[in-house]
Amino acid sequence: MADIAGKHEARLTEAATAALEAGRRLLAPARHDQGKRDAVLRPDMRDGDLVALPGDPLEFAGVLSRDWTFLRRREQAPPPGDWRSWLILGGRGSGKTRTGAEWVHELATRHPNAGELRIALVAETLGDAREVMIDGASGICRIARAKRPDFETSRRRLVWPSGAMAQIFSSEDPESLRGPQFHFAWCDELAKWKYAQECWDMLQFGLRLGARPRQLVTTTPRPVPLLKALMADPETALTRISTSANRANLAPGFIEALASRYGGSRLGRQELDGELIEDRDDALWKRETIEALTLRVTGPLRRIVVAVDPPASAGANACCGIVVAGLDATGRGVVLADCSAPAASPAAWAGAVVRAYRRFDADRIVAEINQGGDMVSAMLRSVDAALPVTTVRATRGKYLRAEPVAALYEQGRVIHAGRFSELEDQMCDFGPEGLSSGRSPDRLDALVWALTALMLEGAGEPRVRGI
């Protein structure tokens, strides 16, 4: 064991020594030449850093391992130029979150006026802001090292030792951005925001402090109107990063496994390569149509159903489609929630259905039984024996069943009470041959069953309630 440890230390020392010598050769000419010094030094380095660099190879390697300006890839560095918005389109696991966290942390610790900075952190939900942007594996508090900020839960803000402060906001509540003002903002997963345009507009009104307010947007691309408008803005600096570029920081075999399954597909190009894939020409729904029909709903609903499309099999790629929809006082369909349960066991998805039923005070559950037969009803009633369950069996193909529902959207007879990104992705990728990925359109199936039950097969018993 001692021999192994000794050999490992020797290899580490050898590598660190080589790095040290390379650094010394690079920096040596700059010690006495101002022009070369300006060319070599990072913007955050001072002249004293040349002398203060550790001489011990292991210590030097330790410094580099904590230095983001050394660790980051070229595309993770802030772009040059006089931009207002820095937009990073990246695949899953490409390093978007780490880039955002490091950008915010560097502002809060190294900006000349760090003590006065006010920063907005905006995510799809408050939970996402906390679990991803702040406490996640690449979140601000995980990468902050010695200058870690304190998170004040009750006030929903981070406070750095420098005095800089960052507040968290949710795309579910655009009005919370009315009033506060900021120097900088970090917006995560913009393409998934629930009230994207409203939230973005409120943020722009508040981004008014300092000589040059700026914002960083990190997102997996989806062809939503707001994202496309941001890409076309001349004040936007666009960076694209792929999952494969971050291979060194991902689990062994991860890239190969996903590439073999999704490589070259529309889903793979979007989720792995960070490409913005436009909607299919032959899709039944268009994203612009859905965007125009996304409205806030405050009036009473007279009937609500929860539709369930159980998965054909269990597994990591299986998903139980669960969609909640209702009818308003005018007879217009309202899609209230996508509560679908990915990779869930029968007991787990049955529990998710019952929770949705109770949360929305629904009238009925509509469950497709093509795959599970009587087992579907049995699983649901094992959670609550009194559930009103209506079973349906598909006798026509998915496309034929979806066409009448798509026609309701074209007529403006259905609206969405918020953004449901994964459901909308399936809607805008569903053509005569199904999804381009070949996977089951589980969420879309549940939507079709819900709106069919509400609007195409009779209205049922009226009840009036608010939401």
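Yes or no: ALA108 open to solvent by less than 10 Å² (accessible area, probe 1.4 Å), small (Gly, Ala, Ser) and farther than 29 Å from ARG247 by Cβ? Write out each step before concluding.
On the way: open to solvent by less than 10 Å² (accessible area, probe 1.4 Å): yes; small (Gly, Ala, Ser): yes; farther than 29 Å from ARG247 by Cβ: yes.
Answer is yes for this residue.
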**Asked** Out of (1) part of a helix (DSSP H, G or I); (2) in contact with a Lys or Arg (Cβ under 8 Å, 6 or more places away or on another chain); (3) within 28 Å of ARG142 (Cβ to Cβ); (4) at pLDDT below 90, what's the single condition that is false for PRO29?
**Response** (3)
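For segment 70-104, what are the residues that are in a loop (DSSP other than H, G, I, E, B) and among the acidic types (Asp, Glu)?
Kept after step one, since they are in a loop (DSSP other than H, G, I, E, B), are these residues of segment 70-104: 72-73, 77-84, 91-95.
Within segment 70-104, ASP82 is the sole residue that qualifies.
Scanning segment 211-234 for residues that are charged (D, E, K, R) and out of contact with any strand residue (DSSP E or B) (no Cβ under 6 Å at 6 or more places or on another chain), which turns out modelled with the lowest pLDDT?
Of segment 211-234, the ones charged (D, E, K, R) are 212, 214, 222, 228, 233.
Next cut, out of contact with any strand residue (DSSP E or B) (no Cβ under 6 Å at 6 or more places or on another chain) only: 212, 222, 228, 233.
Numbers: ARG212: 93, ARG222: 85, LYS228: 90, ASP233: 95.
If we take residues in segment 211-234 being charged (D, E, K, R) and out of contact with any strand residue (DSSP E or B) (no Cβ under 6 Å at 6 or more places or on another chain), then ARG222 is modelled with the lowest pLDDT.
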**Complete:** Picked from segment 425-445 (must be at pLDDT 90 or above and touching a strand residue (DSSP E or B) at 6+ places or on another chain (Cβ under 9 Å)), the residue surrounded by the most Cβ atoms within 10 Å (Cβ to Cβ) is LEU444
**Item:** Within segment 211-227, tally of residues that are open to solvent by 20 Å² or more (accessible area, probe 1.4 Å) and under 21 Å from GLY81 (Cβ atoms)
**Value:** 3
**Message:** For the condition of a type in the set (Val, Ile, Thr), farther than 30 Å from LEU226 by Cβ and touching a strand residue (DSSP E or B) at 6+ places or on another chain (Cβ under 7 Å), what is the one hit in ILE365, ILE322, ILE304?
**Reply:** ILE365
**Complete:** When every residue in segment 314-349 that is farther than 13 Å from ARG443 by Cβ and β-branched (Val, Ile, Thr) is compared, the one surrounded by the fewest Cβ atoms within 10 Å (Cβ to Cβ) is THR330
**Fill in**
Taking segment 136-153 and keeping only residues that are open to solvent by 90 Å² or more (accessible area, probe 1.4 Å) and either among the charged types (D, E, K, R) or touching a strand residue (DSSP E or B) at 6+ places or on another chain (Cβ under 9 Å) (or both), one is left with ARG142, ARG145, LYS147, ARG148, ASP150
**Request:** Give me a count of the residues in segment 354-407 that are touching a residue at least 24 places away in the same chain (Cβ under 8 Å), of a type outside the set (Ser, Thr, Tyr) and within 22 Å of PRO441 (Cβ to Cβ).
**Result:** 23
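Matching residues to (1) closer than 19 Å to VAL324 by Cβ; (2) open to solvent by 40 Å² or more (accessible area, probe 1.4 Å):
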| residue | (1), (2) |
| --- | --- |
| THR391 | yes, yes |
| ALA402 | yes, no |
| LEU408 | yes, no |
| GLN411 | no, yes |
| ILE415 | yes, no |
**Prompt:** Restricting the search to segment 350-367, which residues are out of contact with any helix residue (DSSP H, G or I) (no Cβ under 8 Å at 6 or more places or on another chain) and open to solvent by less than 60 Å² (accessible area, probe 1.4 Å)?
**Reply:** ALA352, ALA356, TYR357, PHE360, ASP363
**Message:** Yes or no: segment 386-404 includes at least one residue that is of a type in the set (A, V, I, L, M, F, W, C) and under 31 Å from the mean Cα position of the chain (by Cα).
**Reply:** yes
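Across segment 290-311, which residue is least open to solvent (accessible area, probe 1.4 Å) among those that are small (Gly, Ala, Ser) and more than 19 Å from ILE365 (Cα to Cα)? Steps first, please.
We begin by selecting, within segment 290-311, every residue small (Gly, Ala, Ser); these are 292, 299, 307.
Subset that is more than 19 Å from ILE365 (Cα to Cα): 292, 299.
On the way: ALA292: 74, GLY299: 31 Å².
It comes out as GLY299.
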**Request:** Being closer than 20 Å to ARG148 by Cβ and either in a loop (DSSP other than H, G, I, E, B) or out of contact with any Cys (no Cβ under 9 Å at 6 or more places or on another chain) (or both) is the filter here, so list the residues in segment 117-130 that pass it.
**Result:** LEU117, ARG118, ILE119, ALA129, ARG130
**Complete:** Just one listed residue, out of GLU275, GLU291, is farther than 25 Å from GLU172 by Cα and in contact with a Leu (Cβ under 9 Å, 6 or more places away or on another chain), and it is GLU275
**Message:** Regarding segment 266-283, can at least one residue be identified that is among the polar types (S, T, N, Q), open to solvent by less than 30 Å² (accessible area, probe 1.4 Å) and at pLDDT below 80?
**Reply:** yes
**Request:** Go through segment 154-175 residue by residue and tally those that are touching a helix residue (DSSP H, G or I) at 6+ places or on another chain (Cβ under 9 Å) and either within 19 Å of HIS111 (Cβ to Cβ) or open to solvent by less than 30 Å² (accessible area, probe 1.4 Å) (or both).
**Result:** 14
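The values are calculated or read from the model by the stated rules, or taken from the named source; none is laboratory data. Everything numeric in this text was worked out from a predicted model, so none of it was measured. Here the Cβ is made from the backbone with ideal geometry for all residues, glycine too, and neighbour counts use every protein chain on show. The area values use the complete protein model at the heavy-atom level, side chains included, leaving out ligands, DNA and RNA. Shrake-Rupley method; radii C 1.70, N 1.55, O 1.52, S 1.80 Å.
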